[in-house]
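Trainee: Next up is a structure, given as structure tokens.
The values are calculated or read from the model by the stated rules, or taken from the named source; none is laboratory data. Being a predicted model, the structure only gives us computed values, none of them experimental. For neighbour counting, all protein chains shown are included, and Cβ atoms are generated from backbone atoms with ideal geometry for every residue, glycine included. Calculation scope for accessible area: heavy atoms of the full protein, side chains included, ligands and nucleic acids excluded. Shrake-Rupley method; radii C 1.70, N 1.55, O 1.52, S 1.80 Å.
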Amino acid sequence: MKCEEIREQMFELMTAEAPLAPEVQQHLAGCPACSAELAEMKQTMALMDEWQAPEPSPFFDTRLKALLREEKTKAAEKKVSIFEWFRKPVLAATAAVALVVGAGVYGGMQLNKQKPPEKNPIVASDPAIHDLQTLDKDQEVINNFAALDDDPTNDDQSAGTAE
């Protein structure tokens with residue numbers, strides 16, 4: 001027999017009242033580790049048989065009942081908030097809203113990633129070209145205002161409103 005088989009059967013060997021099988025006896029006689037382990041387990045079980053649980057204090061039940069009464073009175077005195085019933089549904093709704101907002105932000109980020117590339121990314125990202133484009137737009141607006149100043153009908157209306 002192998003040591004593993006003996007260790008698997010150790011509890012049965014320890015409690016067996018009948019004589020051990022010859023192959024088990026041969027193994028235990030030839031293996032000091034297994035025989036020492038069996039002896040230690042028998043000694044431990046003998047000590048456990050001798051052990052007796054200590055008697056509880058005579059006032060244990062009285063103290064326990066007093067503590068239980070105190071806890072019941074504390075629970076009764078604890079005021080229940082008007083919004084106590086409201087707390088759990090609000091927490092659940094908040095978590096649901098946070099989940100929806102997070103999904104929306106994530107989806108928006110994914111849509112931004114899917115934009116087609118610009119035709120000329122160098123021109124679009126160059127600040128000098130952007131400034132020139134802005135000046136061209138501003139010049140168009142100024143020219144439109146200049147055209148208003150040249151109109152003689154506007155001079156009469158603006159003079160009449162200024163007075």
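Trainee: Only one of (1) open to solvent by 70 Å² or more (accessible area, probe 1.4 Å); (2) modelled with pLDDT of 85 or more; (3) under 34 Å from the mean Cα position of the chain (by Cα) fails for residue 91. Which number is that?
Mentor: The failed condition is (2).
Trainee: Ok, one more. Across region 42-81, what is the total count of residues that are free of Cβ contacts under 8 Å to residues at least 24 places away in the same chain and part of a helix (DSSP H, G or I)?
Mentor: Initially, region 42-81 is screened for residues free of Cβ contacts under 8 Å to residues at least 24 places away in the same chain, giving 43-44, 46-81.
From the residues that got through so far, the ones that are part of a helix (DSSP H, G or I) too are 43-44, 46-50, 60-77.
Total satisfying the criteria: 25.
Trainee: Could you list, in sequence order, the residues of region 38-70 that are open to solvent by less than 60 Å² (accessible area, probe 1.4 Å) and within 46 Å of the chain's Cα centre (by Cα)?
Mentor: Passing the criteria: 57, 66.
Trainee: Same structure again: Just need a number here: residues in region 4-27 that are open to solvent by 40 Å² or more (accessible area, probe 1.4 Å) and β-branched (Val, Ile, Thr).
Mentor: Counting residues in region 4-27 that are open to solvent by 40 Å² or more (accessible area, probe 1.4 Å) and β-branched (Val, Ile, Thr) gives 1.
Trainee: Pairs needed: first member in region 22-41, part of a helix (DSSP H, G or I); second member anywhere, modelled with pLDDT of 90 or more and not acidic (Asp, Glu); C-beta distance under 8 Å; at least 6 residues apart or different chains.
Mentor: Matching pairs, first to second residue: none at all.
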